[in-house]
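The values are calculated or read from the model by the stated rules, or taken from the named source; none is laboratory data. Computed from a predicted structure; not experimentally measured. Positions of Cβ are backbone-derived with ideal geometry, glycine not excepted, and every protein chain shown enters the neighbour counts.
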Amino acid sequence: MAFRLIKEKNPINEEVKVPLLINILGSGFFVGFIPVASGTFGSLLGLGIYLLPKVSQFYYLTLILLLVFLVGIFCAEKMRGRYGEDPPQVIIDEIAGQLFTYLIGSIVFELFFPFKSFDPATAFDTKLVFGIIGFFAFRFFDIVKLEPAKYFDNKDSGWGIMMDDISAGLYAGIFSAVLTHLAWYQFLRVYLG
């Protein structure tokens, strides 16, 4: 199951009904029903949430991520009964993984680059650059499925669906913080003034 660019849609189990609210939340307001690249669109939703005012502050980002993660476990578990194992219709896992990327990246920045005054809450240009780098990093690590993402991807449960993206977000967060430091602070800001 590892390294899939496009998730194949599973046969729908018509006997299992999923409440509308769970379909709405689990599919990211029906974005998961886009026929191609629904995971990428889910990650874009995560980026959009991150770019909202105040969301990048540690406290708000942690609360939103925790809420999305807990709701995601429940929704993914219910939706997989109808849409099959790790269904592409479920994109709340991509939203959570993308937000986790930003949370981990922010923590790495604070721990290893504190002298760079990385405050995405007040510097929108930094937040945007970090957001875009984090988006591409997360998509890469979500597709490649390094351990433990591969382990969780093989679990047939809502927990596994959510945790494989959280695992990818861990790698993506570290990578995006380092790349933002190198690309933004060492190159772009110097030349763009």
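So for the range 48-61 (the condition being touching a Gly at 6+ places or on another chain (Cβ under 8 Å) and of a type outside the set (S, T, N, Q)), does at least one residue qualify? Among the residues of the range 48-61, at least one is touching a Gly at 6+ places or on another chain (Cβ under 8 Å) and of a type outside the set (S, T, N, Q), which makes the answer yes. For the range 112-121, a tally of residues being outside any loop (DSSP other than H, G, I, E, B) and either surrounded by 14 or more Cβ atoms within 10 Å (Cβ to Cβ) or at pLDDT 75 or above (or both) returns 2.
Residue by residue through the range 122-162, note down the ones that are part of a helix (DSSP H, G or I), of a type in the set (Ser, Thr, Tyr) and either within 19 Å of residue 89 (Cα to Cα) or touching a helix residue (DSSP H, G or I) at 6+ places or on another chain (Cβ under 7 Å) (or both).
Listed by number, the list holds a single entry, 126.
For the range 56-78, a residue qualifies if it is within 15 Å of the chain's Cα centre (by Cα) and modelled with pLDDT under 90, and exactly one does: 56.
Condition (residue is over 20 Å from residue 141 (Cα atoms) and touching a Phe, Trp or Tyr at 6+ places or on another chain (Cβ under 6 Å)) applied to the range 76-92: is it met by at least one residue? No, because not a single residue in the range 76-92 is over 20 Å from residue 141 (Cα atoms) and touching a Phe, Trp or Tyr at 6+ places or on another chain (Cβ under 6 Å).
Inspect all residues belonging to the range 12-25 and state whether any of them is touching a residue at least 40 places away in the same chain (Cβ under 8 Å) and either under 14 Å from the mean Cα position of the chain (by Cα) or closer than 22 Å to residue 140 by Cα (or both). Scanning the range 12-25, I find no residue that is touching a residue at least 40 places away in the same chain (Cβ under 8 Å) and either under 14 Å from the mean Cα position of the chain (by Cα) or closer than 22 Å to residue 140 by Cα (or both), so the answer is no.
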